[in-house]
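Undergrad: Please find one structure pasted underneath; my questions will follow.
Values quoted throughout were computed directly from the atomic coordinates according to the rules given, and no laboratory measurement underlies them. Computed from a predicted model, the values in this text were never measured in an experiment. Note that we place each Cβ from the backbone using ideal geometry, even for glycine, and neighbour counts take in every protein chain shown.
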Amino acid sequence: MSGLGHGYWGEVIEVLRLVIPVYDKVNRAISLGKDMKFRLKGIHGRVHPGNLLLDAGSGYGNMSRIALNETNGTSKIIMYDPIPEMLAAAKHLFLPASELPMSSGVFEYMPFRSSIFDAVLCGYSLRDAIQLRPAISEISRVLKLGGRLIIVDLGKPDNPLTEACVSFYLRHILRILAFAVAGKLGLKFQALYGTYCRWPKNSDLNNLLKEYFSKVDFETGLLGGAVIVAAYK
């Protein structure tokens, strides 16, 4: 439950930097078209007009886009990502992003005041934390009392048989789908399997969140291979 560690984190970040041109379409393919549905399910009813939101590990800004739509454009969002090139791409691919404040940094050391955000959104990003526990602690710090951490990510089922199926998919089938969608560049997504291996089982993640939050709504999809979580401070 320690996260990627500094060495492997650097490798993953370099892969993410390389796959920027195909990131979205490969994500859609390997999630079997469910990625945006899961993002919406996590956000719906949990962000409100006028909220100040942090899109942590924002990438192209997919979570930001949904949050803006859910609040009729009235939420205030800061896009935050460790890869400056990803934020630069967001300005071209997501037009409202050019009007959103952006900051580059990691989960474990956020340059924000304590108790400032109404919600922190982590769409397929928290799994890439260098150290998971400090990352969750830091997210809790910047959330207001009653604030929400919304996580949409891969899940690791507790049932050994189901976990083996998800693991097989991510190790073998993902490679085929990514290559079909993006050619050789899609093969870089094989690094995703390494992040999955270092990701806690669903019950362990749930228990860790309960150490920092008063209430955790934990849902799964795709046989437990996806998690949609709302943790309330």
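Undergrad: Could you give the radius of gyration (one decimal) and Dmax (whole number) of the Cα atoms in the chain, in Å?
TA: 16.4, 47
Undergrad: Net charge near Gly146, counting Lys/Arg +1 and Asp/Glu -1 over other residues with Cβ under 12 Å of its Cβ?
TA: On the way: positive: Arg46, Lys144, Arg148, Lys215, Lys233; negative: Asp118.
It works out to a net charge of +4.
Undergrad: Right, here's the next one. Ranked from highest to lowest mean number of other Cβ atoms within 10 Å per residue, what is the order of the peptides 191-204, 138-151, 5-18?
TA: Those peptides, ordered most packed to least, come out 138-151, 191-204, 5-18.
Undergrad: While we're here: Can you pull a Stokes-Einstein diffusion coefficient for region 1-97 at 37 °C (0.692 mPa s), Rh from Kirkwood over Cα pairs, as a whole number of µm²/s? Spell out each step's value before the answer.
TA: Numbers: Rh = 14.5 Å.
In µm²/s, the coefficient is 227.
Undergrad: How much length would be gained if the chain were fully extended between Phe179 and Arg28, taking 0.36 nm per residue of separation minus their Cα-Cα distance, in nm to one decimal?
TA: On the way: separation 151, 0.36 × 151 = 54.36 nm, distance 1.31 nm.
Full extension from Phe179 to Arg28 adds 53.1 nm.
Undergrad: If you add up the charges near Ala231, with Lys and Arg at +1 and Asp and Glu at -1, over every other residue whose beta carbon is less than 9 angstrom from its beta carbon, what do you get? Intermediate values should be presented prior to the final figure.
TA: Details: positive: Arg148, Lys210, Lys215, Lys233; negative: Asp217.
After counting each charged neighbour, the total is +3.
Undergrad: Between region 110-185 and region 61-81, how far is it from one alpha carbon centroid to the other, in angstrom?
TA: The distance from the Cα centre of region 110-185 to that of region 61-81 comes to 18 Å.
Undergrad: Below 8 Å between Cα atoms, with a sequence gap of 6+, how large is the relative contact order for the chain in percent?
TA: Values: 441 pairs, mean separation 54.4, N = 233.
Contact order relative to length: 23 percent.
Undergrad: Find how much the distance from His92 to Leu52 grows on full extension, using 0.36 nm per residue of separation minus their present alpha carbon separation; answer in nm with one decimal.
TA: 12.1 nm
Undergrad: Give, as ranges by residue number, the residues of region 133-148 whose backbone N falls under 15 Å from the point 7 Å along Cα→Cβ of Lys201.
TA: Backbone N within reach: none found.
Undergrad: Additional query: Step by step: find N for region 92-172, compute 2.2 N^0.38 Å, then divide the Cα radius of gyration by it. What's the final number? Please list the in-between numbers first.
TA: Working: Rg = 16.0 Å, N = 81, 2.2 N^0.38 = 11.7 Å.
The value comes to 1.37.
Undergrad: Using a 7 Å offset from Cα along Cα-Cβ at Gln190, what residues in region 4-40 end up with backbone N under 13 Å from the label point?
TA: The answer is none, because no backbone nitrogen lies closer than 13 Å to the label point.
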